[in-house]
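The structure under discussion appears below in the form of structure tokens.
The values are calculated or read from the model by the stated rules, or taken from the named source; none is laboratory data. These numbers were taken from a predicted model, which means no experiment stands behind them. When we count neighbours, we look across all protein chains shown, and the Cβ atoms used for this are built from the backbone with ideal geometry, even at glycine.
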Amino acid sequence: MIRLCALLLVLLTPLAVADTLRIQGSNTIGAVLAPALVRGLLEERGLRNVEILPSDVANEVRVQGSDDNGQVQQVEIAAHGTSTGFSALKNGSADLAAASRPIKDSEQAELQALGNLTGADAEQVIALDGVAVLVHPDNPLPQLTTEQLAGVFSGRIATWEELGVGGGPIQLYARDDRSGTWETFKTLVLDPHQQSLAGSARRFESGEQLAEAVRHDRQAIGFSSLTTVHGARVLAVADGASRAMLPSAEQIASEDYPLSRRLYFYLPPTQHNPLAKALLDFTQSPRGQAIVASNGFVAQQVRPLSEPPQADLPPRYRHLLSEARRLSVNFRFQEGSATLDNKALRDIERLADYLRQNRKLDGKVVLVGFGDAKDDARRADLLSRLRAMAVRRELARHEVTLRDVIGLGAELPVAANTDTQGRIRNRRVEAWVY
């Protein structure tokens, strides 16, 4: 009897919680990817009975597991939109923010007491994604420019006939104001063309729900993460003089696709939660990036690309295409600076590891620099070469010697040069390997 009572006492006593991590923010990340990454981390740490538990509140889950002593480690995830993550950091209800866009200057200013959230350790790109433009499966339209998209979503283009296909009035579907997906679309499509979203657009907190609504509406057009297409048809997109591109894994890995975006975890420098740091390290590891890929996002491992043929390629570029392979990594820079951005600094290490593993550290790599258009083409060529040389300096720290450095100026743009974001995207360095 005494033993039975003791057993019942153990069974009825709540498990002791050793560590808790609270993540809030992006629905794109929090719906599936963040729980999968947390589960992978807890399993790697040897915890037992790891499970993802739903909440009574939509878009909230808890992931937990227990160690050999019955101590519980748990992670609470609330996925209500990127802006809610930064608000939660401010009021202390989250340890880590998930974001599907970069932190805004205004948000950084409000969170300055937590330290510099744009530093390399605080701001970590965890995956790449593409904002996909979705239409009904029977819609025959093949592609749109970002200018046309701005016209459609502002309501200036109101019928499918204006785009050359039948179908009557266009029905607009968009993510809600708290969504990083919405912020990305606004920044890359509407803002450069000085347009605002039409008031008639239906708004969704969930990308899954938006895609499902588009799939059942023949007059619909919407946008969401590439991971939430679910049977809707995806349009190719062109920006400025760039060619029209579908959001393929390769075009997103290089960030050439006009609506490519980065997904982030933000960890304040003042935050010392051991689970948070462990999650960041795991996410950047090969196993963590494999989980990224298995959940439909684009991982950051360096790999060769199949470069599609293009008309009127510059001679030096055509020569490269005939003899070398382009790699998936594109190096980009901080705004108004020749300093590599936070993702590029990590990509330097990834590229060096790739070259080391494939025995190509010595004389096998060509860096090709590009830039935005300048009044003086020679200045554009020089600046593009200087960007490539900045990457060369960083690679030299990892014992990488190059075959060549090329500057192609404003040739082969991937974005329009008419706005800041487009110019930043065009200022890039490609890596090619023999």
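Over 23 Å from the mean Cα position of the chain (by Cα) and among the acidic types (Asp, Glu): does that describe Glu110?
Criteria met by Glu110.
What is the number of the single condition among (1) assigned to a loop (DSSP other than H, G, I, E, B); (2) not assigned by TED's automatic domain parsing to the domain that holds Ala79 that Ser224 does not meet?
For Ser224, the failing item is (1).
Rundown of residues vs (1) out of contact with any His (no Cβ under 8 Å at 6 or more places or on another chain); (2) assigned to a strand (DSSP E or B), yes/no style:
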position	(1), (2)
Arg287	yes, no
Gln301	yes, no
Ser306	yes, no
Leu313	yes, no
Leu321	yes, no
Ser328	yes, yes
Ala352	no, no
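Just to be sure before I move on: is Trp182 buried (at least 18 other Cβ atoms within 10 Å of the Cβ) and more than 30 Å from Gln301 (Cα to Cα) in the structure I sent?
no
Which condition from (1) of a type in the set (A, V, I, L, M, F, W, C); (2) surrounded by fewer than 21 Cβ atoms within 10 Å (Cβ to Cβ); (3) closer than 17 Å to Ala344 by Cβ is the one that Ala377 breaks?
For Ala377, the exception is condition (3).
Taking Val292 and the conditions (1) under 20 Å from the mean Cα position of the chain (by Cα); (2) modelled with pLDDT under 95, which numbered condition does it fall short on, given that it satisfies the others?
(2)
Do the conditions hold for Val38, that is, is it under 30 Å from Val189 (Cβ atoms), in contact with a helix residue (DSSP H, G or I) (Cβ under 8 Å, 6 or more places away or on another chain) and at pLDDT 95 or above?
no
Filter the range 205-225 down to the residues that are hydrophobic (A, V, I, L, M, F, W, C) and surrounded by fewer than 23 Cβ atoms within 10 Å (Cβ to Cβ), then identify the one that is farthest from Asp176 (Cα to Cα).
Ranking the qualifying residues of the range 205-225, first place goes to Ala220.
Under 18 Å from Ile77 (Cβ atoms), among the aromatic types (Phe, Trp, Tyr) and touching a strand residue (DSSP E or B) at 6+ places or on another chain (Cβ under 9 Å): is that true of Phe297 in this structure?
yes
Do we have any residue at all in the range 3-21 that's touching a Leu at 6+ places or on another chain (Cβ under 9 Å) and modelled with pLDDT of 95 or more?
yes
Is one or more of the residues making up the range 197-204 more than 30 Å from Ala58 (Cα to Cα) and of a type outside the set (Val, Ile, Thr)?
no
Would you check which residues across the range 384-396 are of a type in the set (Lys, Arg) and in contact (Cβ under 8 Å) with a residue 24 or more places away in the chain and list them?
Across the range 384-396, the qualifying residues are Arg387, Arg392.
For the range 233-251, does any single residue satisfy the condition of being free of Cβ contacts under 8 Å to residues at least 60 places away in the same chain and hydroxyl-bearing (Ser, Thr, Tyr)?
Yes.
If Ala373 meets every condition in (1) without any contact (Cβ under 8 Å) to a residue 60 or more places away in the chain; (2) outside any loop (DSSP other than H, G, I, E, B) apart from one, which number is that one?
(2)
Inside the range 325-366, can you point out the residues that are surrounded by 15 or more Cβ atoms within 10 Å (Cβ to Cβ) and either in the same structural domain as Leu280 (by TED's automatic domain parsing) or closer than 15 Å to Asn426 by Cα (or both)?
The answer is Val329, Asn330, Phe331, Arg332, Phe333, Leu340, Asp341, Ala344.
Return the residues of the range 304-324 that are surrounded by fewer than 15 Cβ atoms within 10 Å (Cβ to Cβ) and either in contact with a Cys (Cβ under 6 Å, 6 or more places away or on another chain) or without any contact (Cβ under 8 Å) to a residue 60 or more places away in the chain (or both); say none if nothing qualifies.
Ser306, Pro308, Pro309, Ala311, Asp312, Pro315, Arg318, His319, Ser322
What is the one condition in (1) out of contact with any strand residue (DSSP E or B) (no Cβ under 8 Å at 6 or more places or on another chain); (2) of a type in the set (Gly, Ala, Ser); (3) closer than 18 Å to Leu163 by Cα that Ser206 does not satisfy?
Result: Ser206 passes all but (3).
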